[in-house]
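Engineer: A single structure is presented below for examination.
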Amino acid sequence: MEAFAEKLFWFQGPLVRHLDKASRALLVPDDGRAVDFGSPAGEPSLGAPTSVSWRIFKNPVTLFIGGVAAVILELAEPRVRTGVWKHSIFRKDPVRRLRRTGLAAMVTVYGARSTAEAMIAGVRRMHERVRGETPGGEPYHANDPELLNWVQATAAFGFLEAYHIYAEPLALADRDRYYREGETAAALYGAISAPRSEAEVQALFQAMGPHLEPSPIIFEFLQIMRSARVLPAMLRPVQPLLVRAAVSLTPPWIRERLDLSDALGLRSWEAPLVRQGAAFAGRVVLESSPAVQACLRLGLPANYLYRKDAPPASWPHG
């Protein structure tokens, strides 16, 4: 582990450059028009800079892990699984699909409110066309509130849990506050009954448990995530490690239900490596980062979310 930390130190300069390049690439959607998180100047986001979400979404390592864990849980539900696999470009172009999803998450958290609302309305219009039947004959519609609640809950859980486990332990009060803070964005997406606390998330998981099932698609997804060129070339050797971290993040009883064996998760000695990587990523202030650009938009210092001298509750509001 000391050798790993030493390598991080010596490669810090190149790593920062690669991370910054990857961050810039994320901000360019399919039509080639980059999202400007720095404008309009002074316009607030859906959430405040003091929110737990603003702290969590600045860390690219835990975002990757949490995003993979969220998709595992989403694909466990047959209606969501069929909709995603039939109506998206994930299998043909996983990198493009992941960039699109990552950009949407960043706009939701850090984008100016007008930008976020316009993007979410577009997602809702696109989802209106996504409907059909599962192989078992069960109808689905992407704008079904029940499915939207599940997708919202799994995404929120994945991002929070990855940050909590691998980057920085959060008190239960902060975790509950995180879920409450997401209510506005969830409602805009159509998830009108999304969980508002960690207890409500666990209750939803238990309620959905009988509907969750194993599928070859989940294993195909994991293989894609191990090998797709998602991360910068310098970081791709650790991509399988981060995928294993995501598997380990899912609740044990759900892993058992999905036939995800322990061999697919982290080895005991690997968890500290993931934490070191997440800690490093959480300290890097990238000029192009949506988190940094959003802070500057609101007149806050570029390192506002990275400060260690004050807890979030005492930070000034933007």
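Engineer: Which residues, taken from the range 159-210, are surrounded by fewer than 18 Cβ atoms within 10 Å (Cβ to Cβ) and outside any helix (DSSP H, G or I)?
Structural biologist: Passing the criteria: Glu168, Pro169, Ala171, Ile192, Ser193, Arg196, Ser197.
Results for (1) modelled with pLDDT of 95 or more; (2) under 14 Å from the mean Cα position of the chain (by Cα); (3) on the phi > 0 side of the Ramachandran plot, shown as yes or no for each residue.
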{"position": "Ala3", "(1), (2), (3)": "no, no, no"}
{"position": "Lys7", "(1), (2), (3)": "no, no, no"}
{"position": "His18", "(1), (2), (3)": "no, no, no"}
{"position": "Leu27", "(1), (2), (3)": "no, no, no"}
{"position": "Asp36", "(1), (2), (3)": "no, no, no"}
{"position": "Phe64", "(1), (2), (3)": "no, yes, no"}
{"position": "Gly67", "(1), (2), (3)": "no, yes, no"}
{"position": "Ile72", "(1), (2), (3)": "yes, yes, no"}
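Engineer: Look through Ala245, Ala233 and report the one residue that is under 18 Å from the mean Cα position of the chain (by Cα) and closer than 25 Å to Asp93 by Cα.
Structural biologist: Exactly one of Ala245, Ala233 is under 18 Å from the mean Cα position of the chain (by Cα) and closer than 25 Å to Asp93 by Cα, namely Ala245.
Engineer: Got a sec? Which of Tyr140, Tyr178 is touching a Leu at 6+ places or on another chain (Cβ under 8 Å), of a type in the set (Ser, Thr, Tyr) and over 28 Å from Thr50 (Cβ atoms)?
Structural biologist: None of the other options fit; the residue is Tyr140.
Engineer: So, in the range 101-128, how many residues would count as being assigned to a helix (DSSP H, G or I) and touching a Pro at 6+ places or on another chain (Cβ under 7 Å)?
Structural biologist: So the answer is 4.
Engineer: Another question, if that's okay. Take the residues in the range 84-100 that are without any contact (Cβ under 8 Å) to a residue 40 or more places away in the chain and assigned to a helix (DSSP H, G or I), then tell me which one is surrounded by the most Cβ atoms within 10 Å (Cβ to Cβ).
Structural biologist: Only one residue tops the list, namely Val84.
Engineer: Another question, then. Among the residues in the range 178-200, are any farther than 25 Å from Ala245 by Cα, aliphatic (A, V, I, L, M) and in contact (Cβ under 8 Å) with a residue 60 or more places away in the chain?
Structural biologist: Among the residues of the range 178-200, at least one is farther than 25 Å from Ala245 by Cα, aliphatic (A, V, I, L, M) and in contact (Cβ under 8 Å) with a residue 60 or more places away in the chain, which makes the answer yes.
Engineer: Okay, next question. Can you find even one residue in the range 256-263 that is within 19 Å of the chain's Cα centre (by Cα) and at pLDDT 95 or above?
Structural biologist: No, every residue in the range 256-263 fails to be within 19 Å of the chain's Cα centre (by Cα) and at pLDDT 95 or above.
The values are calculated or read from the model by the stated rules, or taken from the named source; none is laboratory data. Bear in mind the structure is a predicted one, so any value in this text is a computation, not a measurement. Because the Cβ atoms are built from the backbone with ideal geometry, glycine has one as well, and the counts that use them run over all protein chains shown.
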